[in-house]
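Participant: This structure is in structure tokens; I'll ask about it shortly.
The values are calculated or read from the model by the stated rules, or taken from the named source; none is laboratory data. These numbers were taken from a predicted model, which means no experiment stands behind them. Quick reminder, even Gly has a Cβ in these numbers, built from the backbone with ideal geometry, and neighbours come from all protein chains shown. What goes into the accessible areas is simple: the full protein's heavy atoms, side chains included, and nothing from ligands, DNA or RNA. Shrake-Rupley method; radii C 1.70, N 1.55, O 1.52, S 1.80 Å.
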Amino acid sequence: PRLVERPPAPVRKSLRLDASLRLAQLTVGGSLTRSIVARAVERAVPDFRDCYRTIARRLGRDVEGSLRVTLAIGEAGYAERVEVSGDFLPGIGACVRREAMKVRTVTPPDVGGASARFELHYLPKED
């Protein structure tokens, strides 16, 4: 009998179901400085990353994607209205919105409120 060589099986990339997260394009309006708002949003980054992990594991897939987040900061320094667009994984926008509603600045706005807009870029981790 003749031996027939088989081509090697394709190497499958293992799923990490996790992503690195980069905060980008932060713009701030109102009486708060960019640095005050940046610190408040940066404290929420681990929670935004957990949104990805939870949903990626539930769906069993890694996907690169970005979300755009807009939030209003009330006179007490808490996020009041949050809008998220770019739902690249089903449910990630709703999860990020819930977590963004917890954003609080250490210093409240002087008069009225403030607003912020930023992007979250998710890049799946590789082995």
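Participant: Please go through region 92-126 and give me each residue that is part of a loop (DSSP other than H, G, I, E, B) and either in contact with a Cys (Cβ under 8 Å, 6 or more places away or on another chain) or open to solvent by 60 Å² or more (accessible area, probe 1.4 Å) (or both), ordered by number.
Facilitator: Selection gives M101, K102, V106, T107, D110, V111, K125, E126.
Participant: Scan region 49-75 and report the pairs whose first residue is open to solvent by less than 50 Å² (accessible area, probe 1.4 Å) and whose second residue is assigned to a helix (DSSP H, G or I) and at pLDDT below 95, with Cβ atoms within less than 7 Å and a gap of 6+ or a chain change.
Facilitator: Qualifying pairs under 7 Å: D62/A56.
Participant: Just to verify a result, which residue in region 1-27, among those that are closer than 22 Å to L123 by Cα and in a loop (DSSP other than H, G, I, E, B), is modelled with the highest pLDDT?
Facilitator: D18
Participant: Which one is nearest to the chain's Cα centre (by Cα) among residues in region 84-119 that are among the charged types (D, E, K, R) and farther than 25 Å from V63 by Cβ?
Facilitator: R104
To keep it simple, each residue is scored yes or no on (1) among the aromatic types (F, W, Y); (2) out of contact with any Pro (no Cβ under 8 Å at 6 or more places or on another chain); (3) at pLDDT 95 or above.
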{"residue": "S31", "(1), (2), (3)": "no, no, no"}
{"residue": "V37", "(1), (2), (3)": "no, yes, yes"}
{"residue": "G60", "(1), (2), (3)": "no, yes, no"}
{"residue": "L67", "(1), (2), (3)": "no, yes, yes"}
{"residue": "V84", "(1), (2), (3)": "no, yes, yes"}
{"residue": "T107", "(1), (2), (3)": "no, yes, no"}
{"residue": "P124", "(1), (2), (3)": "no, yes, no"}
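Participant: Take the conditions part of a helix (DSSP H, G or I) and closer than 24 Å to L32 by Cα and apply them to R81. Does it pass?
Facilitator: So R81 fails the test.
Participant: Ok, one more. So which pairs qualify, if the first residue must be in region 28-39 and assigned to a strand (DSSP E or B), the second must be open to solvent by 20 Å² or more (accessible area, probe 1.4 Å) and modelled with pLDDT under 95, the Cβ gap must be under 9 Å, and the two must be at least 6 apart or on different chains?
Facilitator: G30/D110; G30/V111; G30/G112; G30/G113
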